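Q: Take a look at the following structure, please.
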Amino acid sequence: MYTNFYPEHELFIESARRVFDKELRPNLKKWEEADNYPDEVYRILGRNGFLGLLISEDYGGVGGDYRLASAWCEIFGELLAVGMTVGVNMHSVVVSSALQRYGTAEAKSRWLPTAVTGEAIGAYAFTEPSVGSDLANCRTRAERRGDRWVINGSKTFITNGARANFILVLTRNDIKAGYKGFTTFVVDTKTPGFRVTKKLDKLGWRSSDTAELEFVDVEVDDSCILGNVGDGWIQAAKNLNWERLMLTLTALGGGRACLRDALRYAKDRVAFGEPIIKFDAVAQMLSEMTRKLIMTEALAHAAVDKLCSGEEARAEVSVAKRIVCEDMIWLAYRAIQIHGGYGYTTEFSAEQWWRDLRLMTIGGGTSEIMGNIVARQLGLN
């Protein structure tokens with residue numbers, strides 16, 4: 001269905017699928033059971049040119065645009081490993097892209113070439129234990145001391161937090177300056193004072209690492225500042241908007257694969273002497289699942305079009321994230337029902353799709369926050 005939206009990227013999509021089938025799919029179940037996927041995944045994708053889609057050729061990337069990255073998010077999202085696909089995408093199309101846009105020449109030269117090859121892995125640290133999505137009340141502080149900045153605070157729910165080599169950290173450097181008092185730094189995780197305090201155990205995304213982090217007198221210099229001092233809030237807003245669309249497209253790809261699996265099962269499973277797809281109740285569920293998928297494709301792709309046109313697209317992305325992600329959870333729930341008792345076992349994919357897609361209405365901003373963003377865009381609050 002979706003490939004007509006990316007006609008210029010058909011060869012790219014076919015190439016990606018070949019790499020997935022050869023290098024990744026055979027290992028997905030093993031990685032899920034081990035609650036971890038290896039860092040080698042990044043190097044495999046780096047060797048095949050998939051980690052530098054939004055990165056300039058000057059740093060080893062391919063210099064692509066948001067439409068190419070969107071095509072990637074959808075096709076990559078079809079893999080039954082949402083924790084892995086989001087972990088890779090946070091590194092490649094969110095963190096590395098933000099570093100290229102805002103980083104100093106020194107920081108970009110240090111991190112981007114190895115980020116593109118997968119030798120260095122990045123993370124983005126917004127959320128904090130006591131404030132959740134309320135970024136305005138960020139308590140991680142950056143204090144100027146001579147020619148250095150000293151960072152103190154903690155972050156949680158950080159994708160790639162336990163495996164990252166560098167982390168973009170949102171801090172508060174001037175509490176009196178309001179939204180102009182935030183600054184983002186790129187921090188080498190080998191810097192003294194940085195510590196991973198916990199790797200979180202989760203309902204889904206089992207193979208990915210989601211961590212709590214601590215910064216105790218972590219010292220960095222001016223070369224680690226993204227943009228200018230005080231730019232952190234606006235950077236966070238822009239980066240989150242793209243991250244939300246990335247999550248939306250990843251969920252869309254997952255929902256598509258989930259529907260495909262459910263349709264195959266309904267054709268193969270025989271009950272009362274015939275395939276269950278011939279039963280009206282099952283056929284109606286599959287029909288409604290297909291309707292939801294087609295509608296959400298249109299909504300997500302409209303948001304992609306708006307973003308690629310250079311417009312802000314905050315309302316469009318927020319609406320798409322809320323509706324697409326909620327509908328893909330609904331779709332996975334129906335897939336479990338179609339599988340009957342087998343849907344509640346790990347033998348088939350439906351249960352994992354439901355567990356993995358469930359986080360999409362929380363991560364990157366909850367559905368309720370997406371509603372608040374749209375209300376603000378309309379001047380309602």
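Q: For the cross-link pairs LYS29/LYS267; LYS238/LYS321; LYS29/LYS321, which exceed 18 Å when the distance is taken from alpha carbon to alpha carbon? Walk me through the intermediate numbers first.
A: On the way: LYS29/LYS267 24 Å; LYS238/LYS321 15 Å; LYS29/LYS321 27 Å.
Beyond 18 Å between Cα atoms: LYS29/LYS267; LYS29/LYS321.
Q: Taking only the Cα atoms of the stretch 156-297, how large is their convex hull per residue, in Å³?
A: Normalising the Cα hull of the stretch 156-297 by residue number yields 154 Å³.
Q: Keeping to pairs on different chains or 8 or more places apart, tell me how many lysine pairs in the stretch 81-207 have Cα atoms under 26 Å apart.
A: 11
Q: Could you please state how large a percent of the accessible area of the chain is carbon and sulfur, counting protein chains only and using a 1.4 Å probe?
A: Working: 8280 of 16170 Å².
Of the solvent-accessible surface of the chain, carbon and sulfur hold 51 percent.
Q: Right, something else. Check every DSSP H run in the chain and write down those whose alpha carbon atoms cover 27 angstrom or more along the long axis and whose mean Kyte-Doolittle hydropathy is -1.0 or greater.
A: Details: long enough: 232-268 (53 Å, -0.18); 280-308 (42 Å, 0.41); 314-339 (37 Å, 0.32).
Result, helices passing both filters: 232-268, 280-308, 314-339.
Q: With every protein chain present, what is the per residue accessible area of the stretch 326-381 (1.4 Å probe, Å²)? Intermediate results must be reported in sequence, preceding the final value.
A: Details: 2770 Å² over 56 residues.
Accessible area per residue, the stretch 326-381: 49 Å².
Q: Out of (i) 0.98; (ii) 1.02; (iii) 1.07, which label holds the value of Rg/Rh (Cα atoms, Kirkwood Rh) that was computed here?
A: (i)
Q: Could you tell me how many cubic angstrom of Cα convex hull volume the stretch 234-381 has per residue?
A: Details: hull volume 15.7 nm³, N = 148.
Residue-normalised Cα hull volume stands at 106 Å³.
Q: Sticking with this structure for a sec: Between GLY87, GLY178, GLY365, where does the largest GNM mean-square fluctuation fall for the chain, given springs only between Cα atoms within less than 10 Å?
A: GLY178
Q: Same structure again: Over the stretch 76-162, what per residue volume does the convex hull of the Cα atoms give, in whole Å³? List each step's numbers first, then the result.
A: On the way: hull volume 11.4 nm³, N = 87.
In the stretch 76-162, the Cα convex hull volume per residue is 131 Å³.
Q: Here's a follow-up. Quick check: Cα centre of the stretch 178-241 to Cα centre of the stretch 1-48, how many Å?
A: Between the Cα centre of the stretch 178-241 and that of the stretch 1-48, the gap is 27 Å.
Q: Straight-line reach from LYS306: which aspartates and glutamates have Cα under 12 Å away, leaving out those fewer than 8 places along the same chain?
A: Candidates past the 8-residue exclusion: GLU316.
Q: Now a separate question. Can you work out the accessible area per residue across the stretch 59-197, with the rest of the protein chains kept in place, probe 1.4 Å, in square angstrom? Let's see the in-between values first.
A: Numbers: 4840 Å² over 139 residues.
That works out to 35 Å² for each residue.
Q: Could you give the length gained by full extension between ARG43 and GLU274, i.e. 0.36 nm per residue of separation minus their alpha carbon distance, to one decimal place?
A: On the way: separation 231, 0.36 × 231 = 83.16 nm, distance 4.68 nm.
My answer for the length gained is 78.5 nm.
Q: Determine the calculated [θ] at 222 nm for the chain from helices alone, applying -39500 (n - 2.57) to every DSSP H run no shorter than 4 residues and normalising by the residue count; nearest 500 deg cm²/dmol. Don't jump to the answer; show the numbers that get you there.
A: Working: 12 runs with 176 residues, N = 381.
My calculation for the chain gives -15000 deg cm²/dmol from helical runs alone.
Q: Sticking with this structure for a sec: Treating cross-link reach as a plain straight distance, find the aspartates and glutamates whose alpha-carbon is under 19 Å from the alpha-carbon of LYS278, omitting any fewer than eight places away in the same chain.
A: ASP261, ASP268, GLU288
Q: A further question follows. What fraction of the DSSP beta bridges in the chain is antiparallel, stated in percent and rounded to the nearest 5?
A: 85 percent
Q: Tell me the relative contact order for the chain as a rounded percent, counting alpha carbon contacts under 8 Å between residues six or more apart.
A: Numbers: 687 pairs, mean separation 60.3, N = 381.
Taking the mean separation of contacting Cα pairs over the length of the chain, I get 16 percent.
The values are calculated or read from the model by the stated rules, or taken from the named source; none is laboratory data. Predicted model only: the values in this text are computed from it and were never measured. Just the protein is used for accessible areas: all its heavy atoms, side chains included, with ligands, DNA and RNA removed. Shrake-Rupley method; radii C 1.70, N 1.55, O 1.52, S 1.80 Å.
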